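Participant: One structure is given below, represented as structure tokens, and several questions about it will come after.
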Amino acid sequence: MTTVSTFRHFDELQPWNDRHDLLECIAATEETADVMTFTFRSDRDNWFRYLPGQFVTLELPVSENEPVFRTYTLSSTPSRPFSVSVTVKAQATSIGTRWMFDNLRPGMKLKAFGPLGDFSFVRHPGEKYLFISGGSGITPMMSMIRWMADCTPQADVAFISCARTPDDLLFKTELECLAAQMPKLSLGFIVKNHNPRDGWHGLRGRIDAARLSLLTPDFRERTVFCCGPEPFMRGVRDMLKVCGFNMDRYHEESFQPAAAPAAEELAVRAGPGETDADAVATVTFTMAGKDAKCPPGQTILQTARAIGVRIGAACEGGLCGTCRIMKVSGEVDMRHNGGILDEEIEEGYILACCSQPIGDVSIEA
């Protein structure tokens, strides 16, 4: 069978734009029994502009009328800009990821938001790095180390990958190949459990100060990036603090929603002398043709939901950018976590999940 495809040089292509373009799945690769890598290209043959370590939010048509949004870090590298990949693990309770396992195949197209995110050595440069990953938390590290292998192979990186069993160590063979090409890349693998039939002769147990010092004696001199389940990252944070590590050089990937503002802060925002009744704003949703009252402390997204206006949202912490909408008029207090670009703000976009109206506001939703 002959595969026919168009070819255009890089300088003939435009950057992928999540407002206009879709992602087309071009490969679905099984990594382990419960982990798969999905690779996408632009449906308009564009190229992808992002930083190694950033994430995208996928709109998954799990049901006909109510898609779900899931945020995944990219495992691909921007040094190969014609496609992007996510490597995802299906948990027992997964809905969106399970749908991807069962349904997403080459040729299907998805709406996506991003790439976005601050978890990148580009945003937090250091002389040398320590990557610590737990399970599928390895994906942003793979994006960064793949970029380094392509663009700065002399980078000084200590890479520690932790998993439940030897079979759960993702990309181990590829990392060992990269280590052969990168003279300052050192690898450490730790598994929690193993079977005698695995033939595992590496470290066993959980990462702790003794194992960390054994694998990376100079860890205090490095900039640390950590990603994995929250208990894993909490354990790494506590371990580093006890070891006297300078936590200014510690960075972790988390999609936890931002904490709600305290009552005292809301009172400050409302302004002196104003009562709650005075501070209530009217939010107009122009496309739905609806108005709603928004008391202090309530976001645009919460106001929309209260009257049945649908705005897609995933992280609800100002991080993923899924709830980006156009503000037609009025002012808002937006406290995002990197989920929107400066140029998008200048164009009039806001994130509904972390924006509170300052007076009456009109929203294109």
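Participant: Among THR216, THR57, THR286, which one shows the highest mean-square fluctuation when the chain is modelled as a Gaussian network with alpha-carbon springs under 10 Å?
Facilitator: THR286
Participant: Only sites in a loop by DSSP and with at most 15 other Cβ atoms within 10 Å count here; which trypsin sites (Lys or Arg not before Pro) in the stretch 294-348 make the cut?
Facilitator: ARG310, ARG335
Participant: Here is a follow-up. Which entries of LYS128/LYS184; LYS172/LYS192; LYS290/LYS327; LYS89/LYS241 show an alpha-carbon separation above 19 angstrom in the structure shown?
Facilitator: Exceeds cut-off: LYS89/LYS241.
Participant: Using a Gaussian network model of the chain whose springs link C-alpha atoms within less than 10 Å, name the residue from GLY297, GLY339, GLY117 with the highest mean-square fluctuation.
Facilitator: GLY297
Participant: Hey, can you find the accessible area per residue of the stretch 164-247 for me, probe 1.4 Å, expressed in square angstrom? Please report the intermediate quantities before stating the final value.
Facilitator: Values: 4650 Å² over 84 residues.
Per residue, the stretch 164-247 has 55 Å² of solvent-accessible surface.
Participant: Work out Dmax and Rg for the stretch 157-244 from the C-alpha atoms and quote the Rg first, both in angstrom.
Facilitator: 13.3, 39
Participant: Treating only the Cα positions of the stretch 92-167 as identical point scatterers, give the base-10 log of I(q)/I(0) from the Debye formula at each q in 0.19, 0.25 Å⁻¹.
Facilitator: Rounded to two decimals, the profile gives -1.02, -1.20.
Participant: Give me the one-decimal nm value for the distance between modelled label points at VAL122 and ALA33, 7 Å along each residue's Cα-to-Cβ direction.
Facilitator: Going from the VAL122 label point to the ALA33 one covers 3.8 nm.
Participant: I've got another one for you. Give the accessible surface of the stretch 1-110 per residue, rounded to a whole number of Å², with probe radius 1.4 Å and ligands, DNA and RNA excluded. Mind dumping the intermediate values first?
Facilitator: Details: 5840 Å² over 110 residues.
For the stretch 1-110, the per-residue accessible area is 53 Å².
Participant: Shifting gears a bit: Taking a ≥ b ≥ c as the square roots of the eigenvalues of the Cα gyration tensor of the stretch 34-166, is the shape rounded (a/c under 1.5), prolate (a/b larger than b/c) or oblate? Please report the intermediate quantities before stating the final value.
Facilitator: Working: a/c = 2.25, a/b = 1.45, b/c = 1.55.
Oblate shape, in that a/c is at least 1.5 and b/c is the bigger or equal ratio.
Participant: Looking at the stretch 1-71, which chymotrypsin sites (Phe, Trp or Tyr not before Pro) are DSSP coil and have at most 16 other C-beta atoms within 10 Å of their C-beta?
Facilitator: Those satisfying the criteria are PHE7.
Participant: Loop-only trypsin sites (Lys or Arg not before Pro) in the stretch 1-85, please: DSSP not H, G, I, E or B, and at most 13 other Cβ atoms within 10 Å.
Facilitator: ARG8, ARG19, ARG44, ARG49
Participant: For volume of the Cα convex hull per residue in Å³, one of [x] 180; [y] 155; [z] 133 was computed from the structure I shared and the rest are decoys. Which label?
Facilitator: Read-out taken from this structure: [x].
Participant: In the stretch 1-60, how does Rg compare with the Kirkwood Rh, expressed as the Rg/Rh ratio over alpha carbon atoms?
Facilitator: Details: Rg = 13.8 Å, Rh = 13.7 Å.
The Rg/Rh ratio comes out at 1.00.
Participant: Further question on the same structure: Would you kindly state how much longer the chain becomes between GLN14 and LYS293 on full extension, computed as 0.36 nm times their sequence separation minus their alpha carbon distance, in nm to one decimal? Show your work: numbers first, answer last.
Facilitator: Details: separation 279, 0.36 × 279 = 100.44 nm, distance 4.20 nm.
Gain on stretching GLN14 to LYS293: 96.2 nm.
Participant: Then there is this: Return the calculated 222 nm mean residue ellipticity for the chain, to the nearest 500 deg cm²/dmol, obtained by summing -39500 (n - 2.57) across DSSP H runs with n ≥ 4 and dividing by the residue count.
Facilitator: Taking each H run of at least 4 residues, the total per residue is -5500 deg cm²/dmol.
Participant: Running a GNM on the chain with Cα contacts under 10 Å, which residue among HIS194, HIS20, HIS336 ends up with the highest mean-square fluctuation?
Facilitator: Per the Cα network of the chain with a 10 Å cutoff, HIS20 tops the list.
Participant: Also, I was wondering about something else. Quantify, in whole percent, the carbon and sulfur part of the accessible surface of the chain (1.4 Å probe; protein heavy atoms only).
Facilitator: Details: 8970 of 18030 Å².
Result for the chain: 50 percent of the exposed heavy-atom area is carbon or sulfur.
Participant: Suppose we keep just the alpha-carbon trace of the stretch 293-365; what are its Rg and Dmax in angstrom?
Facilitator: 10.9, 30
The values are calculated or read from the model by the stated rules, or taken from the named source; none is laboratory data. Treat the numbers as computed from the prediction; the structure is a model and nothing was measured. Because the Cβ atoms are built from the backbone with ideal geometry, glycine has one as well, and the counts that use them run over all protein chains shown. Keep in mind that these areas ignore ligands, DNA and RNA; they rest on the heavy atoms of the full protein, side chains included. Shrake-Rupley method; radii C 1.70, N 1.55, O 1.52, S 1.80 Å.
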